[in-house]
There are 2 protein chains.
Amino acid sequence: METTTPHHTRHDSREDLLKAARELIVGRSYGAVGIAEICARAGVRKGSLYHFFPGKEALTLAMLDALYADFEREVLIPGLAGADGLHARIEAFVRAIHAFEARIQAESGQLPGCPFGNLAVEMGTHHPTLRQAIRGHLDAVTAHFRSVLDEAVQDGELPPHTDTDALAEQWLALMEGILVMAKADQDPATILRLGPALGAVLNPSPEARHES
Amino acid sequence: METTTPHHTRHDSREDLLKAARELIVGRSYGAVGIAEICARAGVRKGSLYHFFPGKEALTLAMLDALYADFEREVLIPGLAGADGLHARIEAFVRAIHAFEARIQAESGQLPGCPFGNLAVEMGTHHPTLRQAIRGHLDAVTAHFRSVLDEAVQDGELPPHTDTDALAEQWLALMEGILVMAKADQDPATILRLGPALGAVLNPSPEARHES
DNA sequence: ATACTAGTTGACCGGTCGGTAAAGTGCAAG
DNA sequence: CTTGCACTTTACCGACCGGTCAACTAGTAT
């Protein structure tokens, strides 16, 4: 054995920091949370944070990676793979998102919206590194949407020449917007009320012919 | 004459502060802009700011009011009243939003997204006063959307029993989401690419009959 | 035993945060 | 001329920001 588990069963400050950063930043925002507060919640001194991470940005980046991994495993995959039929899958996915938001609101008192969208909005204009990392996570979500849509095309639920790329992107945009509205309302019911619009964007447009 | 223009033609620090706050906060975020920077851009000393406004939050609130008034006058009304026909109006509105975002990006180097949605996302969970003010502005936008949809119902472009309230809300959510994505991309082309989805949500759903 | 190293600790840094207080300025009404 | 008021100016406040540092602790390998 080359490295027999760094020390033994470690108390793992690194993970505690990631967890604290997730809870605080997702529940509030990047700018509204200081590293002192993160350290306090993690039960770790500030110097230790800088042993594991070069700074606040890097900690946030790592937090987002872990958050996406959890989100994919706990919400995206089970929410989308659940039912048969495209519209049933949409319904299940909306309910999964609703449950996710409602649970966090119950735990922390705050409806967070989409953590990735939130950070993209807050940091998008003046923090390119974070912006591009978030862009990558959003692309990963889009890819999941597209594969669901591709399956629907193969099953004949959607026309053969459907632009699933475009539809997946529209789904993501709509989902982000729904979560912005839910956050502005601080009410998870908004997600259920607007969720069905995800199905509407799939409908064939009768303006195939347009005389201009 | 009771009050012959407070002093004479005033240099108007108040308006300079509102303008500076708008440019900076819209271009970055609430948390990333300090009052010192706002004062510097406005060419006003900090004490004067606190003569006109009780604090940063009140300044931001007043800035948002003025911003909404301008947005309604310059984008919302001309963008929605322009053309005949619902789909033409959608197209015109999307182009108006695109022009708005592209102009700000050209001026400041930053694509801001929706200033109201941005603030709702950033402050929604921990700043109820701002959140509710923003919620009011978003409702005002929804009302404009709904009146356009109501006209379309009257003109027979939409079925008589269309739930224009729900559709207007879906439009706003989608528009917010489109602007989140455009901000994540920092690319106004995203607005044009996703804009047509606004028309898609209007399409009649062929699942009017569902056997379950 | 010794040397090495991953991890921890607490004191400390300059800078900036939002906000305050008091003195001063200049116009206008009495 | 004087008082009052709207507004400006400057100096200042304590708190907090993200980040640094050197000393320390404790397991590990030799």
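The values are calculated or read from the model by the stated rules, or taken from the named source; none is laboratory data. Every value quoted in this text rests on a predicted model; they were computed, and no experiment measured them. Glycine gets a Cβ as well: all are built from the backbone with ideal geometry, and neighbour counts include every protein chain shown. Remember, those area values only see protein heavy atoms, side chains included, never the ligands or the DNA or RNA. Shrake-Rupley method; radii C 1.70, N 1.55, O 1.52, S 1.80 Å.
A few remarks follow.
- Odd one out for A:TYR30, checked against (1) within 11 Å of DNA strand D (Cβ to nearest atom); (2) of a type in the set (Ser, Thr, Tyr); (3) open to solvent by less than 80 Å² (accessible area, probe 1.4 Å); (4) in a helix (DSSP H, G or I): (4)
- Within the span defined as segment B:2-19, every residue fails to be within 12 Å of DNA strand C (Cβ to nearest atom), open to solvent by less than 80 Å² (accessible area, probe 1.4 Å) and among the basic types (Lys, Arg).
- When A:HIS51, A:HIS87 are screened for being within 11 Å of DNA strand D (Cβ to nearest atom) and either open to solvent by 50 Å² or more (accessible area, probe 1.4 Å) or of a type in the set (Ser, Thr, Tyr) (or both), only A:HIS51 passes.
- Qualifying positions in segment A:148-195 - surrounded by 24 or more Cβ atoms within 10 Å (Cβ to Cβ), more than 7 Å from chain B (Cβ to nearest Cβ) and of a type in the set (Gly, Ala, Ser): A:ALA182
- Pair list, Cβ < 6 Å and 6+ apart or interchain, from segment B:129-145 residues that are within 16 Å of B:ASN118 (Cβ to Cβ) to residues that are hydroxyl-bearing (Ser, Thr, Tyr): B:HIS137/B:TYR68
- Residue-level analysis places A:GLY47 outside the set of residues that are within 14 Å of another protein chain (Cβ to nearest Cβ), of a type in the set (Gly, Ala, Ser) and at negative phi.
- Scanning segment A:125-140 for residues that are in a loop (DSSP other than H, G, I, E, B) and open to solvent by 20 Å² or more (accessible area, probe 1.4 Å) yields A:HIS126, A:HIS127.
- Residue within segment A:158-171 that is among the hydrophobic types (A, V, I, L, M, F, W, C), farther than 20 Å from A:ASP65 by Cα and in a loop (DSSP other than H, G, I, E, B) present: yes
- Subset tally (residues that are under 17 Å from A:LEU67 (Cα atoms) and at the interface with chain B (Cβ under 8 Å from one of its Cβ atoms)) for segment A:125-134: 2
- Residue list for segment A:172-198, filter: of a type in the set (Asp, Glu) and assigned to a helix (DSSP H, G or I): A:GLU176, A:ASP185
- Filtering segment B:106-124 to residues that are among the acidic types (Asp, Glu), facing chain A (nearest Cβ under 7 Å) and open to solvent by 40 Å² or more (accessible area, probe 1.4 Å) leaves nothing.
- Candidate set from segment B:85-140 (those that are touching a Pro at 6+ places or on another chain (Cβ under 8 Å) and of a type in the set (Gly, Ala, Ser)); member that is modelled with the lowest pLDDT: B:ALA96
- Against the test of being away from chain B (no Cβ under 12 Å) and either crowded, with 18+ Cβ neighbours inside 10 Å or free of Cβ contacts under 8 Å to residues at least 12 places away in the same chain (or both), the options A:ARG103, A:ARG95 yield a single qualifying residue, A:ARG103.
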